[in-house]
Structure formats: C-alpha cells, structure tokens
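Rule-based calculations on the coordinates, nothing more; no lab input. This one's a predicted model, so the numbers in the text were calculated from it and none came from an experiment. Cβ placement follows ideal geometry from the backbone for every residue including glycine, while neighbour counts extend to all protein chains displayed.
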Amino acid sequence: MQQPIVISGAGILGCYISCALSLQGIDSIVLEKKDDEVEDSIRTITLNPFSKNLLDKIGIENDYSMIDKMEVKDFDGTGKIVFKSSEIGMDHLAYVSDFSTLLMAIRKKASEKILYKEEIIDIDNKGDLNEVTLSSGKVITTNLIISSDGKNSKLANKIPKSDKDYFQTALTFLASAEKDMNMSAFQIFSDNGICAFMPTRKKGEDFVTVVWSISDDLIENGYEDFIEENLEKISRKIGNSFQIRSKVQSFKLSSHNRSSYIDFPVVLVGDSAHSIHPLAGQGINLGFEDANSLVKKIIKTNDSDTINFKESLNVYSNERRLQNEIMLKTMDGFVALFNERNPYIRFLRNFGLNAFNQSKFLKSFFVKAASGPIK
Ligand SMILES: Cc1cc2nc3c(=O)[nH]c(=O)nc-3n(C[C@H](O)[C@H](O)[C@H](O)COP(=O)(O)OP(=O)(O)OC[C@H]3O[C@@H](n4cnc5c(N)ncnc54)[C@H](O)[C@@H]3O)c2cc1C
C-alpha cells in the first residue's frame, strides 16, 4: 500500500490536517490506536477565531458558545482587565465547544481516511520513501509521517525536550450559573489558584465550564472540601453563584517543548511537539497554527519540484518552535507573577493590571496575539 502522507493520531489536529490536505487534492491516511468510540467527557475546548475559521473552512458545523467579554481579576486586590470584542473590532473573542462533540464532528468529516485500532510499530527509512509497519502487520510506503498523537507520542520520544512540572492540578467541571453569563468569561487569580469560568453548551443545555489550576499542596488531602470552601468565595468576586453539575475531572499540569519538530521522516504537530499551562486556553490553538503552517508547506512543496521538501519542513520546525516557545514563556511568566506572595509585588501587580486596563492599544495587541496569525 502506498500513501503520500501517514498521520499518527485521530485527535482534532490529525483529522483537521487530513481534511485540509484533501481539500488540496493531497491524500493521507490517519491511524488511531484506540477504537472509534469517543468518550463522552465533560471537557470543553476554547478556540480562538483563527482556529474556528480553519474548522469552518473544512466544513465543520458545531454548537459553539461565543465569548464577547473576558474579565481577568486579582482576587486579593482591585486589579482587573476587561477585554471586549467590540472594543477591538472582533466578532467574538473566543468560541467554546464541548470537546467530545467537536472530536466526533471532525472524525466524521475525515472518516474515509481513518484506520482505527492501528498504530505505527516500525519505520524503515529508505531515502525519500519509507516503509511503515503497522500493528496489524500492514506495510505502507510513504514520504512523510505526521505525529499528531498527543503528549505521550512514541514517535516524538527520540527528540529531546525541555519540560516543566508546575506542581499544580487542573480541576475541571460543569456548573450551572444563577445569573446568565451574557457571553462573558472570567478568570480569577488568587492564593487558591487560577480559576476560569466560561459559558458552554452540552447537548443543547447551557452550562459554565470551570477550569481551576491549584497548587498540589493545597489539595493533598483531596479536593472535595477545597472546592466547597473556595468556590463560593471566588464566585462572589464575579457576582455570580455556581452549582456543580458534573463529576470533577483532574489533570496534572506540566508543559514541554521539543528541541525540534522534525526527525525525518517524522514531523510533529500539536501536543506531540509542545504543551502549555491551560491558563490562557491556548493548547489546541497553538496546535492549529502548527497544522496550518505545515499544510501550507506540504501544498507548496507538492506544487513545485524546485522547493526542497526537507528544507521546507525545517523552516516549519524552526518557525513554529520559536512561536510556541514565546507563548510558553509568557504563560510561565503569568503563573509566576500570580504565585507571588511578596506584598510589594502584589501591589505592583494590581497597579499594572489597572494600568493595562486603561490602554486600548495594549489590550488590542494582547487579544490579537492570542487570536492567531490572521484576523
Ligand atoms: C484540562 C484541560 C483543558 C484544556 N483546555 C483547553 C482549552 O480550553 N483550549 C485549548 O486550546 N486547549 C486546551 N487544552 C489542551 C488541548 O486539549 C490539547 O492541546 C489538544 O487536545 C491537543 O490535540 P492533539 O490532537 O495534538 O492531541 P490529542 O487530543 O491528545 O489527540 C491525540 C490522538 O492520538 C491518539 N494516539 C495516541 N498515541 C497514538 C499512537 N501511538 N498511534 C495512533 N494514535 C495514537 C490518541 O488516542 C488521540 O486520539 C486543555 C487540556 C487539558 C488537559
């Protein structure tokens, strides 16, 4: 069997790449090690306008909750920043989707290309063509292997990485709100963690999705009592009240970035290449920027024999690695700033937030940077 491109991992990004290549007449096959069942999780995903636009272009229709206003507040002070889509000329700041619903929709779109319960067990590099052996024993001859198989990717394993353990856990659950969220999201920074509240929809019902990043030492005896003690206090800061409506899921928080995104014939995208603290909901959005950049390089190379394929992929690796590193370091800066207990730094932090809030230029710059490369 011959396939120009083999994609390992039928997550949102692997399926997106296959659909985007198909639109340009480039064939691919997607291997998914699990079966075709999508677990009904309570996880949601926040897409920036750039990522949502890419999904629109491949024809994904989805029930998104729009965010038009985002308030970032310091729990212990008066510092706050308010971002509004109307102030910076954008339709919406972000789009929240139920994770399983979006994954099912994109898998349906890519269904003809996906082989379930199949993974790569061996790659024999024979110059420009490579023989890939699958777990079923099938052998595929291919030019390129795209690793979109997540944070624990075996294909990415050989490439060194820098990583960071935040010694934090993210708790996430669905809640109902007493007052309508009015397309607003909130993020509260406090000694009890970073807590984000975003409107979302699941099976036609309105919810609020809560993602709460907490230092491990605060919940070493379990998180039930911690949530009960602190959810109401934090909710008061945003003038609303929340009732938990789902089980609570927890994830250990860490980040990583590979030293290169290419180990020919394997090229990395998304969580296989990098992961980031969820505080700004940028994880999959950086992955969509990787995917878009890689698809463009493949199309360009396909169109013209004069462009060197490997060189083009090296450009992809260098460009995307640098961009992701900048975002990773920026998020680490925020995490450190809001973990700070020194009262003078806390005062400056509140002062800084309010000063930032007065600057339309800075706010616009910041939101556009978080919204992806094109508007
Ligand atoms: C609590 C939490 C909240 C988050 N919230 C947000 C958010 O609001 N916004 C945001 O942008 N990001 C968010 N993220 C990050 C986001 O979920 C990830 O960045 C994104 O899912 C990565 O997509 P991916 O396709 O690279 O990998 P994955 O979603 O991990 O998909 C990988 C796929 O590959 C398959 N696979 C694994 N190994 C193999 C193999 N050997 N062979 C074949 N298939 C394989 C897996 O089964 C899976 O289907 C959040 C993450 C967490 C943990």
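Applying the criteria of a DSSP loop state and at most 11 other Cβ atoms within 10 Å to the GluC sites (Glu not before Pro) of segment 126-210 yields Glu178. Using the Cβ atoms and a cut-off under 15 Å, what net charge is assigned to the surroundings of Val315, where Lys and Arg are +1 and Asp and Glu are -1? Combined, the nearby Lys, Arg, Asp and Glu give +2.
For segment 1-69, the share of alpha carbon pairs falling in successive 5 Å distance bins from zero is 3, 12, 21, 22, 20, 12, 6, 3, 1, 0, 0 percent. Quick check on segment 65-217: take the gyration tensor over C-alpha atoms, sort the square-rooted eigenvalues as a ≥ b ≥ c, and tell me if it's rounded (a/c under 1.5), prolate or oblate. Note, shape of segment 65-217 comes out prolate. In this structure the amide hydrogen of Leu31, modeled in the peptide plane, comes within under 5 Å of the amide hydrogens of Ile7, Ser8, Gly9, Leu115, none closer than 5 places in sequence on its chain. For segment 221-281, the gyration tensor built on C-alpha atoms gives a prolate shape. Its axis ratio a/c (a ≥ b ≥ c) is at least 1.5, and a/b is the larger of a/b and b/c.
Estimated from the Cβ-Cβ distance and a Förster radius of 45 angstrom, the FRET efficiency linking Lys108 and Glu229 is about 0.60.
Cα centroid separation, segment 2-60 to segment 247-301: 13 Å. In plain terms, the chain from Ser41 to Ile326 could stretch by 99.5 nm, reckoned as 0.36 nm per residue minus the Cα-Cα distance. Listed values for segment 114-128 are Karplus-derived 3J(HN,Hα) couplings in whole Hz (6.51 cos²θ - 1.76 cosθ + 1.60, θ = phi - 60°), namely 8, 10, 7, 6, 9, 9, 7, 10, 7, 10, 10, 7, 10, x, 6, and x replaces Gly and Pro. In terms of distances greater than 22 angstrom between alpha carbons, the cross-link table entries Lys161/Lys296; Lys161/Lys297; Lys69/Lys179; Lys52/Lys202; Lys109/Lys202 yield Lys161/Lys296; Lys161/Lys297. Here is the tail figure for segment 170-286: Cα pairs spaced more than 20 Å apart come to 49 percent of all pairs. With the simple spin-label model, which puts each label point 7 Å out from Cα in the Cβ direction, the Arg236 to Glu131 separation comes to 7.0 nm. For the chain, the Cβ-based charge dipole about the Cα centre amounts to some 940 debye (Lys, Arg positive; Asp, Glu negative; other atoms uncharged).
Summary value for the chain: 22 percent relative contact order, contacts being C-alpha pairs under 8 angstrom separated by 6+ residues. Put a plus charge on the Cβ of each Lys and Arg, a minus charge on the Cβ of each Asp and Glu, and nothing anywhere else: the dipole of segment 198-301 about its Cα centre is then about 660 debye. The value for the chain of Rg(Cα) / (2.2 N^0.38 Å) is 1.02.
Extension gain for the segment Asp180 to Asp206, taken as residue separation times 0.36 nm less the Cα-Cα distance, is 8.4 nm to one decimal.
Neighbours of Asp98, meaning other residues whose beta-carbon lies under 13 angstrom from its beta-carbon, give a summed charge of -1 when Lys and Arg score +1 and Asp and Glu score -1. Scanning the chain for DSSP H helices at least 18 Å long along the axis (C-alpha atoms) with a Kyte-Doolittle mean no lower than -1.0 picks out 283-303, 309-339, 343-358. Do any trypsin sites (Lys or Arg not before Pro) in segment 136-228 lie in a loop, going by DSSP, with at most 10 other beta-carbon atoms within 10 Å of their beta carbon, and if so which? Of the trypsin sites (Lys or Arg not before Pro), the ones in loops of segment 136-228 whose Cβ has at most 10 other Cβ atoms within 10 Å are Lys158, Lys179, Lys203.
With a Förster radius of 30 Å, plug the Cβ-Cβ distance of Ser250 and Met66 into 1/(1 + (r/R0)^6) and report the FRET value to the nearest 0.05. Step by step, r from the Cβ atoms, then E = 0.60.
The label-point distance for Lys84 and Asp217, in a model that sets each label 7 Å from Cα toward Cβ, rounds to 4.1 nm. The order of Met1, Met90, going from fewest to most other C-beta atoms within 10 Å of their C-beta, is Met1, Met90.
Charge dipole of segment 99-223 (Cα centre as origin; +1 on each Lys and Arg Cβ, -1 on each Asp and Glu Cβ, all else neutral): 600 debye, rounded to the nearest 20. Here is how the number arises for the chain: DSSP H runs of 4 or more residues each give -39500 (n - 2.57), the sum is divided by the residue count, and the result at 222 nm is -11000 deg cm²/dmol.
In segment 209-338, taking the dipole from charged Cβ atoms about the Cα centre, the farthest positive-side position among Ile298, Leu231, Ala336 is held by Ile298. Label zone (Lys33, point 7 Å along Cα-to-C-beta; backbone nitrogen cut-off 16 Å) within segment 155-183: 155-159. Over the C-alpha atoms of segment 34-146, the Rg to Rh ratio, Rh being the Kirkwood estimate, stands at 1.16. Between the beta carbons of Lys296 and Asn152, assuming R0 = 25 Å, the FRET efficiency works out to 0.35 to the nearest 0.05. Looking at the square roots a ≥ b ≥ c of the eigenvalues of the Cα gyration tensor of segment 31-72, which shape do they give, rounded for a/c under 1.5, prolate if a/b is larger than b/c, or oblate? Oblate shape, in that a/c is at least 1.5 and b/c is the bigger or equal ratio.
Listed by chain and number, the lysines placed with their C-alpha closer than 19 angstrom to that of Lys113 are Lys33, Lys34, Lys57, Lys138; residues fewer than eight positions away on the same chain are left out. For Ser41, the amide hydrogen comes within under 5 Å of the amide hydrogens of Ser100, counting only partners 5 or more places away or on other chains and with H modelled in the peptide plane. Applied to segment 246-258, the Karplus parametrisation 6.51 cos²θ - 1.76 cosθ + 1.60 on θ = phi - 60° returns per-residue 3J(HN,Hα) values of 9, 6, 9, 9, 10, 9, 6, 9, 8, 9, 7, 9, 6 Hz, with x for Gly and Pro. Stretching Lys138 away from Asp163 to a fully extended chain increases their span by 5.5 nm, per 0.36 nm per residue minus the current alpha-carbon distance.
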